[in-house]
Amino acid sequence: MVCSQRREHTMIYKAMNEGIDFKKIFQDAKKHLLIEIEYGKLTVAEKVSILLSRIILILVMIVACSFVLYFVSSSLVAVLADVTGHVWLGNLIVAGIHLFLLLLVYAFRKQLIIDPATRFITKLFFNPND
């Protein structure tokens with residue numbers, strides 16, 4: 001124990017005599033740490049902005065698809081009303097189609113929604129190439 005303390009003191013004494021500037025080393029280390037923190041902040045800001053832009057894009061696509069689905073459904077109701085002779089029956093058939101599609105999406109939600117979202121988030125935040 002005493003021997004190792006002497007060795008440390010001797011090393012420090014040698015370093016001081018050889019002209020090593022500990023203040024400069026400390027200042028350089030501090031600058032490096034501040035640069036790393038700034039880089040981390042910029043990286044997080046970039047990743048969050050990519051994530052938010054993807055969410056906004058998905059919301060816009062959902063709204064656009066909703067309008068398309070509404071007009072296609074209305075047209076299908078009109079065609080089915082002509083074929084069956086009853087508007088209520090056309091509406092009922094279209095509602096059944098919508099329910100079936102909703103059940104399909106729910107049944108395959110892991111493959112259609114959860115897995116792609118997980119892959120995207122994982123690639124975005126844990127990409128080893130960054």
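Below are the figures for this structure:
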{"quantity": "Some residue of segment 21-39 being surrounded by 10 or more Cβ atoms within 10 Å (Cβ to Cβ), at pLDDT 80 or above and under 30 Å from Pro116 (Cβ atoms)", "calculated": "yes"}
{"quantity": "Filtered residue count, segment 32-80, keeping only those that are within 27 Å of the chain's Cα centre (by Cα), more than 30 Å from Ile93 (Cα to Cα) and not acidic (Asp, Glu)", "calculated": "22"}
{"quantity": "Condition met for Val83 (within 30 Å of the chain's Cα centre (by Cα), free of Cβ contacts under 8 Å to residues at least 12 places away in the same chain and farther than 30 Å from Ala45 by Cα)", "calculated": "no"}
{"quantity": "Yes/no for Leu112 being modelled with pLDDT of 95 or more, part of a helix (DSSP H, G or I) and surrounded by 10 or more Cβ atoms within 10 Å (Cβ to Cβ)", "calculated": "no"}
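The values are calculated or read from the model by the stated rules, or taken from the named source; none is laboratory data. What you are looking at is a predicted structure, and each value in this text was computed from that prediction instead of being measured. Positions of Cβ are backbone-derived with ideal geometry, glycine not excepted, and every protein chain shown enters the neighbour counts.
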